[in-house]
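Notes for the one structure printed next.
No lab work stands behind these numbers, since they all come straight from the coordinates. Quantities reported herein were computed from a predicted structural model and do not represent experimental measurements. With ideal geometry, Cβ positions are generated from the backbone for all residues, glycine too; neighbour counts draw on all protein chains shown.
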Amino acid sequence: MPEFQIHLTREDTDRLFVCKSLEGKGNLTGNEYAAELLRRELHRLFPASPQYDEDGQLMNPDKFTG
């Protein structure tokens, strides 16, 4: 599984922890919550699984909702 390293501004870090608290996710670390949040947003933006043809071209770009 790929690993991503991101850097947030202080304001975005504050947003992350406020959202974490308001969602009642106190049992998660900041990194765990950020990963969950990113997965949720990715599924919202592209709910279907991306499908590729034999040349690696995306076959279902119409599934992107952003």
Note: among Arg44, Arg15, just one is surrounded by fewer than 12 Cβ atoms within 10 Å (Cβ to Cβ), free of Cβ contacts under 8 Å to residues at least 60 places away in the same chain and either within 14 Å of the chain's Cα centre (by Cα) or within 25 Å of Gly66 (Cα to Cα) (or both), namely Arg44
Sole miss for Lys63 among (1) surrounded by fewer than 10 Cβ atoms within 10 Å (Cβ to Cβ); (2) more than 15 Å from the chain's Cα centre (by Cα) is condition (1)
Within segment 18-30, residues being surrounded by 10 or more Cβ atoms within 10 Å (Cβ to Cβ) and in a helix (DSSP H, G or I) number 5
Among (1) in contact (Cβ under 8 Å) with a residue 12 or more places away in the chain; (2) in contact with a helix residue (DSSP H, G or I) (Cβ under 9 Å, 6 or more places away or on another chain), Glu23 falls short only on (1)
